[in-house]
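Trainee: Take a look at this one; I'll ask things after.
Please treat every number below as a calculation from the coordinates, not as lab data. These figures come from a predicted structure and were not determined experimentally. Cβ coordinates were reconstructed from backbone atoms using ideal geometry, including for glycine residues, and neighbour counts include every protein chain displayed.
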Amino acid sequence: MVKCSTSLWSADLGNLAAELRRVEPYSERFHLDVADGHYVKNLLFFPDLVKALRPHTRLPFEIHLMVTDPLDWIDPFVEAGADGIIFCFDATPDPGAVLRAIRARGKQAGVSLLLSEPIEVLDPFWDLLDVVTIVGTAMGIKGASMDPSVPDKIRRTREVIRRRGVRTEIEADGGIRRETVPKLAAAGADLIVPGSLMFKEDPAAMRAWLRGL
C-alpha cells in the first residue's frame with residue numbers, strides 16, 4: 001500500500017499540534033516544507049516551529065528544503081528534531097556533499113526533482129539516496145494540478161532502482177488528488193505527500209480508500 005508523508009502546509013496552521021494528533025493514525029510521517037523566499041517565493045516552516053511541534057507526535061519529521069543554501073540548514077533542522085531531510089537537486093552545485101552531510105548526522109537523505117529535471121541527473125548519487133521526491137507541479141505552488149508526465153517519470157525511476165539494486169523510496173509530491181493517486185500507485189510510488197487529501201477529508205475514510213487501491 002502507498003504510504004503517506006502528510007504535508008503540514010495544508011493543515012490548520014493556527015492549530016498545528018491538534019492537527020498533528022488528528023491525522024497521526026493515518027500517516028507514516030509528516031512532511032514539512034521549508035521555503036526561504038528566495039528559491040521559491042514563499043516563506044514556510046522554520047527550525048523553532050519544528051522544535052515546538054516535535055513533542056506532539058511520535059512520527060518522523062521529513063523536512064523538504066526549498067532553499068538556496070541547503071547545506072546551511074541541515075544542522076538547524078537536525079537540532080530541531082528532523083528525522084529526514086530532502087533538498088532541491090538544482091539548489092546546490094554539489095548535491096553529493098549535501099547528501100553526505102545529512103547522512104553523516106544519521107538522518108535519511110533525499111532530493112526532489114523539478115518537472116524539467118530528468119532522473120538521469122541522479123546517476124552519480126543512488127548509493128546516497130534514501131528517498132527521491134518526484135515533484136508533480138511547479139515548485140512551491142500549492143493546489144496545482146499534477147503534470148501528466150509524472151506517472152511515467154515514477155515508472156522509470158522504479159526501473160532504475162530495480163536495476164541498480166538500491167533501496168531508495170519514491171515519493172510523489174504535488175497534485176495529490178483522488179484522481180491522481182491511483183496512477184501514482186500503479187506507477188510504483190512508495191509514498192504520496194497528501195495535503196488537502198488528508199486534512200480536508202475524513203482521514204480515516206481517505207486511508208481506507210488508499211488501502212483499497
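Trainee: Using alpha-carbon pairs under 8 Å, 6+ residues apart, how would you state the relative contact order of region 3-211 in percent?
Mentor: 19 percent
Trainee: Shifting gears a bit: Could you work out how much longer the chain between Lys3 and Arg58 gets when fully extended? Use 0.36 nm per residue separation minus the Cα distance between them, nm to one decimal.
Mentor: Full extension of this stretch gives 18.2 nm more.
Trainee: Separate question: Tell me, what HN-Hα J-couplings in whole Hz come from the Karplus equation 6.51 cos²θ - 1.76 cosθ + 1.60 at θ = phi - 60° for each residue of region 196-201, using x for Gly and Pro?
Mentor: Each residue of region 196-201 in turn: 4, 4, 8, 7, 9, 10 Hz.
Trainee: So what are the ³J(HN,Hα) numbers for region 161-166, from phi and the Karplus equation (6.51, -1.76, 1.60; θ = phi - 60°), rounded to whole Hz, Gly and Pro as x?
Mentor: Result, ordered by residue: 4, 4, 5, 7, x, 9 Hz.
Trainee: Separate question: Which translational diffusion coefficient, to the nearest whole µm²/s, is obtained for the chain from the Stokes-Einstein equation, given a Kirkwood hydrodynamic radius over C-alpha pairs, 4 °C and 1.567 mPa s?
Mentor: 76 µm²/s
Trainee: Any of Lys153/Lys183; Lys3/Lys183; Lys41/Lys142; Lys3/Lys200; Lys107/Lys142 with alpha carbons more than 20 Å apart? Name them for me. Before the final figure, lay out the partial values.
Mentor: Working: Lys153/Lys183 12 Å; Lys3/Lys183 14 Å; Lys41/Lys142 12 Å; Lys3/Lys200 18 Å; Lys107/Lys142 27 Å.
The answer is Lys107/Lys142.
Trainee: Shifting gears a bit: Taking 30 Å as R0, compute the FRET efficiency from the Cβ-Cβ separation of Arg105 and Lys200 and round it to 0.05.
Mentor: The calculated FRET efficiency here is 0.30.
Trainee: Per residue of the chain, what 222 nm ellipticity follows from adding -39500 (n - 2.57) for every DSSP H run with n ≥ 4, rounded to the nearest 500?
Mentor: Value at 222 nm, helices only, nearest 500: -9500 deg cm²/dmol.
Trainee: For region 1-89, take the convex hull of the Cα atoms, compute a quarter of its surface area, and give me that in nm², please.
Mentor: 5.9 nm²
Trainee: I want the antiparallel fraction of DSSP beta bridges within the chain, as a percent rounded to 5.
Mentor: 5 percent
Trainee: I would also like to ask the following. Using a 7 Å offset from the Cα along the Cα-to-Cβ direction at both Ile141 and Ile119, what is the distance between the two label points in nm, to one decimal?
Mentor: 2.3 nm
Trainee: Once you put a point 7 Å from the Cα of Leu16 and another 7 Å from the Cα of Asp94, both along the Cβ direction, what distance in nm separates them?
Mentor: 3.1 nm
Trainee: Apply the Karplus curve 6.51 cos²θ - 1.76 cosθ + 1.60, θ = phi - 60°, to the phi angles in region 97-108 and return the couplings in whole Hz, x for Gly and Pro.
Mentor: Here the 3J(HN,Hα) series is 5, 5, 4, 5, 5, 5, 5, 5, 9, x, 10, 5 Hz.
Trainee: Considering the zone a paramagnetic label at Arg177 would reach in this model (a point 7 Å from Cα along the Cα-to-Cβ line), which residues of region 196-212 have amide N under 17 Å from it?
Mentor: Within reach of a label on Arg177, which here means backbone N under 17 Å from a point 7 Å along Cα→Cβ, region 196-212 contributes 196-201.
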